[in-house]
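Everything on this sheet refers to the single structure shown next.
The values are calculated or read from the model by the stated rules, or taken from the named source; none is laboratory data. Because the structure is a prediction, the values reported are computed rather than measured. Don't worry about glycine lacking a Cβ; one is built from the backbone with ideal geometry, like all the others, and counts go over all protein chains shown. Side chains are part of the model used for accessible areas, which takes the heavy atoms of the whole protein and leaves out ligands, DNA and RNA. Shrake-Rupley method; radii C 1.70, N 1.55, O 1.52, S 1.80 Å.
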There are 4 protein chains.
Amino acid sequence: MCRWMAWLGQPVLIDELLFKTQHGIVDQSLHARMGAEPTNGDGFGLGWYGSGEGPGVYRSVAPAWADANLRELAAHMESSLFLVHIRAAIGSPVQQTNCHPFRHGRWLFAHNGYIADLGALRRDLMLAIDPALFSAVQGSTDTEVVFHLALTFGLERDPIGAIERTVGFIEATARRRGATCQVQGTFVTSDGVSLWAVRYATEGPARSLFASADVEAVQRLHPDNPRFQRMTPDDRLIVSEPFSDLPGVWHEIPAGTAVTVRRGGVLEHRQFVPQPVTAESATPALAGAGDA
Amino acid sequence: MCRWMAWLGQPVLIDELLFKTQHGIVDQSLHARMGAEPTNGDGFGLGWYGSGEGPGVYRSVAPAWADANLRELAAHMESSLFLVHIRAAIGSPVQQTNCHPFRHGRWLFAHNGYIADLGALRRDLMLAIDPALFSAVQGSTDTEVVFHLALTFGLERDPIGAIERTVGFIEATARRRGATCQVQGTFVTSDGVSLWAVRYATEGPARSLFASADVEAVQRLHPDNPRFQRMTPDDRLIVSEPFSDLPGVWHEIPAGTAVTVRRGGVLEHRQFVPQPVTAESATPALAGAGDA
Amino acid sequence: MCRWMAWLGQPVLIDELLFKTQHGIVDQSLHARMGAEPTNGDGFGLGWYGSGEGPGVYRSVAPAWADANLRELAAHMESSLFLVHIRAAIGSPVQQTNCHPFRHGRWLFAHNGYIADLGALRRDLMLAIDPALFSAVQGSTDTEVVFHLALTFGLERDPIGAIERTVGFIEATARRRGATCQVQGTFVTSDGVSLWAVRYATEGPARSLFASADVEAVQRLHPDNPRFQRMTPDDRLIVSEPFSDLPGVWHEIPAGTAVTVRRGGVLEHRQFVPQPVTAESATPALAGAGDA
Amino acid sequence: MCRWMAWLGQPVLIDELLFKTQHGIVDQSLHARMGAEPTNGDGFGLGWYGSGEGPGVYRSVAPAWADANLRELAAHMESSLFLVHIRAAIGSPVQQTNCHPFRHGRWLFAHNGYIADLGALRRDLMLAIDPALFSAVQGSTDTEVVFHLALTFGLERDPIGAIERTVGFIEATARRRGATCQVQGTFVTSDGVSLWAVRYATEGPARSLFASADVEAVQRLHPDNPRFQRMTPDDRLIVSEPFSDLPGVWHEIPAGTAVTVRRGGVLEHRQFVPQPVTAESATPALAGAGDA
């Protein structure tokens, strides 16, 4: 029940998109215009690709609007691919290890939404995680469990497919346990080259998800906006909630859809269909990973 | 631009009033119903009188709704006189030394509102503080300056009078400097025996301030409310924003008014009239405290 | 690899023992005189019994010596039974949910030491926790896992026996996995009435553990010490490291020993012998708790 | 009473010098080998020049060794000019606004040491700060006051001279007030192009200060050290305490000395002699800045 944004495009100072944009995500953290919680003040995280090995992650339990360090980093760090997530906790503690994005090797992962009845399912879901990854779960959010399930189910080879298997597995587990079956949310992941995002709800309306329109269209519609004139065909923003009400700037991604964003501004859509796998059948990683 | 509550009455577990009350102040920290900022997530403080010497003060930069320790303390600490303040920072850093209430010896002090153009006045106001107290100002809020001015102007002998002199001095300084002359807010202070609260604005509408009604009246109006039936004639709550919409439970304190609350549920009103003193004339404490 | 102290005796202001004692535990947090890490600056916790339901717990990621709130609480809170733990993290994150003491209902639990090769064992140990308690594990320390295993193995009925079964189970699991078999440490737990403490190491020297001597003996040896003259026969301190070098004040508890402290200053010793149970045989709580 | 390091040279990932160096400054934060406090766990700061306008500053109240974000930033941020400071608080609160380095425009400033009797002098020193800068002092350290005095006394035009005037002014003020006259420490400042550092004590031994030797000499002495082989003639480290015991790598800067480091590895020494100026005479900035 959070907000997130992802940028893939020309290298920019992060605060161009984080603080200097009207209705940007930090502004949303105080006053979200869509979504269940008007305030998202339970920590945040920034994951970025740039210098050094793999992505860097800065996570803080302070509200994003009040974190002096976030403003410093954003104003002094350039990146061509980064994610920002702001959190509204629903039950789990406000601590850095519960802040998104989560990381594994070159991969980042974030989520806006929830798994119903997680308390009743958590043990089953944790057992299905590749035992080699079990101890890597450091916090207590549903999202970190989802991420490690997705890694178990092949995220690094087939991101969307792995999320389909993960969601299918969670839904099957909930049904088997007689728990409420409801996976709700938008997911985003990246390997530092491309971005993948999913909008899905087991039933009912799904959380919102938007992609920025093609640069040429945006520039034609708003020829006097200097910010838009600086955009290039490479640039693509994916956001849980649009930053502005300007017509033609944002395209809603339909529920039950996955998108892939590649360098060059490429944006591909496909259907997102959960795969009701069992832990045993899903992936060779689990073969032989039996319990003691 | 904050919220606060003060209790003087029978000893209660603090969470009775802090978390178990509908529309209580922590609930307000997420969703204030009156006032300028809907979110008050920039830290909070609890000052209480009980065991040990003088008041204890617990201050945290976390939003009150997310601070696990506050719930622990409130659920396990009894007090017959305590203040809670939740903060919405306007400019100054989110740090413990900027959280209210502030303390000096047996005295606590908190404030909801602001001094206009503080940046232009801060040096003049700091210079008027008793030099012996100068180094006791540890943070960067306007309120801590106001408190130390009030101590300089005699708070410990004459609380309301000292606040009148302080506000008058600030207004005179602003006029002299050609700055915007606007002191806005509600103030509350206590010595552990009584409570004093002020509602005032130099011009325009003042921040809201309410006192709980006499217990008998409240009980007569709401004979089926078990919480109200547990109240005694000793009990009095002063709040910046009422906890409920129940008719007859809250009395609005008029702008330009100071109230004194004493043991036994005594609630006295008087007019609050700023005294335009100069630093030199206000108090013997300053005589001989000349600059080098 | 931490330090802890536990008090059972007359009600005292907590800072009597926390800050006003020479070589007290906060002083030790900066400069421990025994033990592996000279600095214990990775958070701390205070668990106390007093007003309200069950124990209160105050935990912070700040070093104990630097936490202004801890000084406030200690100076303004009385308790006749409390635990303080200061942490030197070895690998797991510095976060509140990793700070001791941990709580379940009326029970508190803390630990100084470690489980070797925890990463390799964590999944097996988590699986042996009563499934109803699985989601209650919120952090990533070995101690929280040990506590929930001990609850699974009957801590609330038989504290020492449950810790013997827990340690035995961990050792058996390590041997079965071919991991290093080493449980090292001192454990302390309380239900608010009595205290239980254990000193144990699978092999090699165990972490230190001390109990304060009988009050009469202490007073006879140090007739001029005003602090000791205020002690009553009810008072007993258990500490991982003695607060002073005064002769006759502290008794070392031998390795492989469990002590029970009851009201009235009663201090009972018994041998501590790990029971090499399996998860299945240990307790009815686990019958029928099969994995999916 | 802290530790600091400054780098001017080829662009490096910050963790090359912060975490990957034996006896580096974060290691020193747990176990300083020289200096008054063995533990420096009361926050830290990193100031760096790179992307964006002016320097970025990351400051945290966590001990440097425990701050997960510092490791992330250091591992993913490159800079050719940066400062790191780790703090051991002596009296003033542990809060971000008390962490070094401090910033004004393009300038950074940090300090290791103290001003004796600061409480008695603070008001006089604050009064001598250019009134336009008065409200920029946000914390309660002596260093932030020193920095704003140095800005008042011309730091941006003549860094060493301004620090000489500042120290002289502080010493004169202490003498006039009958306070202990003792300024102790090492100072470092930068405008993003050059670095200036000072080692000074009014009397007695001064805090230590070292510069790395010329690269050719270091490489000749240690031909098998791969780290040293990567150094270029541009590189210069200034540190309060050397990172290693390797002979010939560090040169001690004598007490009463100021050094200037310029691009190209240039290291110039001069004497540091405090100038006993008065506030009025020191600088045109103060003319007309009289008290109201």
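Taking every alpha-carbon pair under 8 Å whose residues sit at least 6 apart, chain B reaches a relative contact order of 20 percent. Buried surface for the D/A pair, taken as the accessible area of each chain alone minus that of the pair with a 1.4 Å probe, is close to 1600 Å² in total. Residue order by solvent-accessible surface for B:Phe210, C:Phe82, D:Phe19 is D:Phe19, B:Phe210, C:Phe82, largest first, with ligands and nucleic acids left out and a 1.4 Å probe. Would you please state the base-10 log of I(q)/I(0) at q = 0.12, 0.14, 0.19, 0.24 1/Å for the range A:180-246, with intensities from the Debye formula using one equal scatterer on every alpha carbon? Per q value, in the given order, log10 I(q)/I(0) is -0.43, -0.56, -0.85, -1.07.
Listed values for the range B:241-252 are Karplus-derived 3J(HN,Hα) couplings in whole Hz (6.51 cos²θ - 1.76 cosθ + 1.60, θ = phi - 60°), namely 8, x, 7, 8, 9, 5, x, x, 8, 10, 10, 6, and x replaces Gly and Pro.
On average, how much area does the Cα convex hull of the range C:117-179 cover when viewed from any direction, in nm²?
3.9
Every helix of 4 or more DSSP H residues in chain C counts as -39500 (n - 2.57), and over all residues that averages to -7500 deg cm²/dmol at 222 nm.
Each eigenvalue of the Cα gyration tensor of chain B, multiplied by 5 and square-rooted, gives one semi-axis; in descending order these are 31, 20, 18 Å. Given R0 = 30 Å, the distance between the Cβ atoms of A:Thr278 and A:Ala132 translates into a calculated FRET efficiency of 0.95.
For the range A:51-171, the C-alpha radius of gyration divided by 2.2 N^0.38 Å, with N the number of residues, is 1.11. Given a 1.4 Å probe and the protein chains as shown, A:Val277 ends up with an accessible area of around 30 Å². For C:Leu209, the residues whose modelled amide H falls within less than 5 Å of its own, excluding neighbours fewer than 5 places apart on the same chain, are C:Ile253.
Projecting the Cα atoms of B:Ser80, B:Gly47, B:Val26 onto the dipole axis of the range B:18-98, where Lys and Arg carry +1 and Asp and Glu carry -1 at the beta carbon, places B:Val26 farthest toward the positive end. Spin-label model, A:Ser244 to C:Lys20: label points 7 Å out along the Cα-to-beta-carbon direction sit 6.4 nm apart.
In this structure A:His148 has an accessible area near 10 Å², from a 1.4 Å probe over the protein heavy atoms. If you line up the long axis of helix C:118-128 against the longest principal axis of chain C, both from Cα atoms, how many degrees apart are they, to the nearest 10? The helix C:118-128 is inclined about 70 degrees to chain C. Please state the shape class of the range B:162-209: rounded when a/c is under 1.5, otherwise prolate if a/b exceeds b/c and oblate if not, all from the C-alpha gyration tensor. Oblate. If the chain linking C:Thr232 and C:Ala201 were pulled fully straight, counting 0.36 nm for each residue of separation and taking away their Cα-Cα distance, it would gain 7.8 nm.
Of the trypsin sites (Lys or Arg not before Pro) found in the range B:2-83, the ones in coil according to DSSP and having at most 14 other Cβ atoms within 10 Å of their Cβ are B:Lys20, B:Arg33. In the full protein context, chain C carries 35 Å² of accessible surface per residue, based on a 1.4 Å probe and ignoring ligands, DNA and RNA. Dipole check for the protein assembly as shown: with +1 at the C-beta of Lys and Arg, -1 at the C-beta of Asp and Glu, and the Cα centre as origin, the magnitude is about 0 Debye. Computed from backbone phi, the HN-Hα couplings of the range D:164-175 come to 4, 5, 5, 5, x, 5, 5, 4, 5, 5, 4, 4 Hz, rounded to whole numbers (Karplus: 6.51 cos²θ - 1.76 cosθ + 1.60, θ = phi - 60°; Gly and Pro given as x).
Take C:Ser244, move 7 Å from Cα toward the beta carbon, and the resulting point lies 4.8, 5.3, 7.2 nm from the same point in each other copy, nearest first.
Share of carbon and sulfur in the accessible area of the range C:131-218 stands at 46%, probe radius 1.4 Å. At a threshold of 50 Å², the residues of the range A:67-95 that become less accessible to a 1.4 Å probe in the full protein assembly than in their chain on its own are A:Asn69, A:Glu72, A:Leu73, A:His76, A:Gln95.
Given Cα pairs under 8 Å that are at least 6 residues apart, what percent is the relative contact order of the range B:36-100? Answer for the range B:36-100 is 46 percent. If you take the Cα centroid of the range A:211-267 and the Cα centroid of the range D:219-276, the two points sit 51 Å apart. In percent, rounded to a whole number, the relative contact order of the range C:214-263 is 37, using alpha-carbon pairs under 8 Å and six or more apart. Name the shape class, rounded, prolate or oblate, that the alpha-carbon gyration tensor gives for the range B:1-118, where a ≥ b ≥ c are the square roots of its eigenvalues, rounded holds for a/c under 1.5, and otherwise prolate holds if a/b is larger than b/c and oblate otherwise. Oblate, because a/c is 1.5 or more while a/b does not exceed b/c. Size estimate for the protein assembly as shown follows the Kirkwood approach: the inverse of mean 1/r over distinct Cα pairs works out to 32.2 Å.
Take chain D and mark each of the GluC sites (Glu not before Pro) that is in a DSSP loop with at most 16 other Cβ atoms within 10 Å; the longest unmarked stretch, sites excluded, is D:54-155. For the range A:117-214, the dipole from Cβ point charges (+1 on Lys and Arg, -1 on Asp and Glu) about the Cα centre works out to 320 debye, to the nearest 20. Going by a ≥ b ≥ c, the root eigenvalues of the Cα gyration tensor, does the range B:65-111 fall in the rounded group (a/c under 1.5), the prolate group (a/b larger than b/c) or the oblate group? Cα axes put the range B:65-111 in the oblate bin.
Here is how far apart the B:Arg106 label points are across copies: 3.9, 5.7, 6.9 nm, shortest first, using a point 7 Å from Cα toward Cβ. Using the Karplus relation 6.51 cos²θ - 1.76 cosθ + 1.60 with θ = phi - 60°, the per-residue 3J(HN,Hα) values for the range A:182-197 come to 7, 10, 9, x, 10, 10, 9, 8, 8, 10, x, 10, 10, 10, 10, 9 Hz, with x marking Gly and Pro.
Near C:Thr257, the amide H atoms lying under 5 Å from its own belong to C:Arg199, C:Phe272; only residues 5 or more places off or on other chains count, and H is placed 1.01 Å from N.
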